[in-house]
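Please treat every number below as a calculation from the coordinates, not as lab data. No experiment lies behind these values; they were computed from the predicted model shown. With ideal geometry, Cβ positions are generated from the backbone for all residues, glycine too; neighbour counts draw on all protein chains shown.
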Amino acid sequence: MGEPGVWGEVTAGLRVSRPVLVARLLELDAAGAGTPAAWATNRHCRVWAQLAAQRSAAPTPTRAARLTRTQLEAALKRAGRKRGITVEAERLRGVFRADYAHQPSLVEDALGRQMLALLVQLEAACTAADDLAEAVEEVFPQHPDAEIILSFPGLGVQLGARVLAEIGDDKARFADARGLKAYAGASPITRASGKKSSITRRWVKNDRLNAAGYLWAFASITASPGAKAHYRRRRDDHGDWHAAAQRNLFNRMLGQLYYCLQHHTLFDEHTAFPAALAAAA
């Protein structure tokens with residue numbers, strides 16, 4: 001079972017055994033789990049490591065309520081926290097000692113044992129993900145197309161490797177850029193019936209490539225002046241929402257990637273966004 005699957009079981013167990021912590025988990029996720037940087041550093045392992053340390057110290061709500069401030073600080077340090085340890089320990093102490101409904105003692109103990117077993121699986125999945133990331137860092141730059149892919153703004157080793165893994169290195173796989181864009185779900189689809197027609201995003205697509213494209217477009221907005229100008233033009237002149245503007249940017253960047261891979265050419269900012277850069281100037 002993969003890391004997200006194990007974490008799904010952990011959160012499901014928490015909703016039953018310790019619902020008061022669900023709000024805390026959501027707050028941690030909002031604090032950084034949705035950023036590209038967090039994805040690049042194995043977000044489940046990094047953002048939720050504190051939970052593992054706390055659960056191993058006290059797997060049930062009753063035992064957690066008995067934890068002292070010193071024990072909580074030690075658990076946070078084991079999880080890798082460097083700053084704000086005292087404040088966070090005091091905050092968690094208040095959460096653990098709050099009044100809320102409990103499961104019967106036998107059920108609570110059984111859920112605590114189940115949670116500890118799941119955390120062992122989560123730790124193993126995190127370790128495997130770290131090992132895979134290290135292997136990617138070592139091997140991906142040796143690929144013949146790595147230099148082209150890494151020349152694109154917003155694509156680093158990890159995200160670039162994911163994009164390459166999903167589109168493949170067979171240059172004849174897609175007949176043209178439109179096929180690749182449709183495969184990734186970047187290009188819109190037009191549906192018509194009688195006198196009515198609608199243009200919507202694609203639902204049938206490669207979800208992994210589409211997710212990587214969302215992060216790619218998001219990162220390229222800050223890494224490329226042309227990409228930022230293109231994004232702003234879609235928002236301001238065309239009235240696109242954020243997700244639609246990012247998808248349009250991903251669509252354009254993907255077409256440029258197809259061209260560069262076919263012609264063995266590195267990304268060039270002025271060639272890719274001539275009109276956007278001229279307008280911004």
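With a cut-off of 13 Å between beta carbons, the residues surrounding residue 86 carry a summed charge of +4, where Lys and Arg count +1 and Asp and Glu -1. Sorting the segments 79-88, 237-246 by their mean number of nearby beta carbons within 10 angstrom, highest to lowest, gives 237-246, 79-88. The stretch between residue 135 and residue 204, if pulled fully straight at 0.36 nm per residue, gains 21.7 nm over its current Cα-Cα span. Taking label positions 7 Å along the Cα-Cβ direction at both residue 190 and residue 143, the computed distance is 3.4 nm, reported to one decimal. Inter-label distance, residue 197 to residue 223: 3.6 nm, where each label sits 7 Å from its Cα along the C-beta direction. Efficiency by 1/(1 + (r/R0)^6): what FRET value for residue 176 and residue 127, r their Cβ-Cβ distance, R0 = 35 Å, to the nearest 0.05? My answer for the efficiency is 0.25.
Each part gets one Cα centre, and for the range 100-168 versus the range 207-254 those centres are 25 Å apart.
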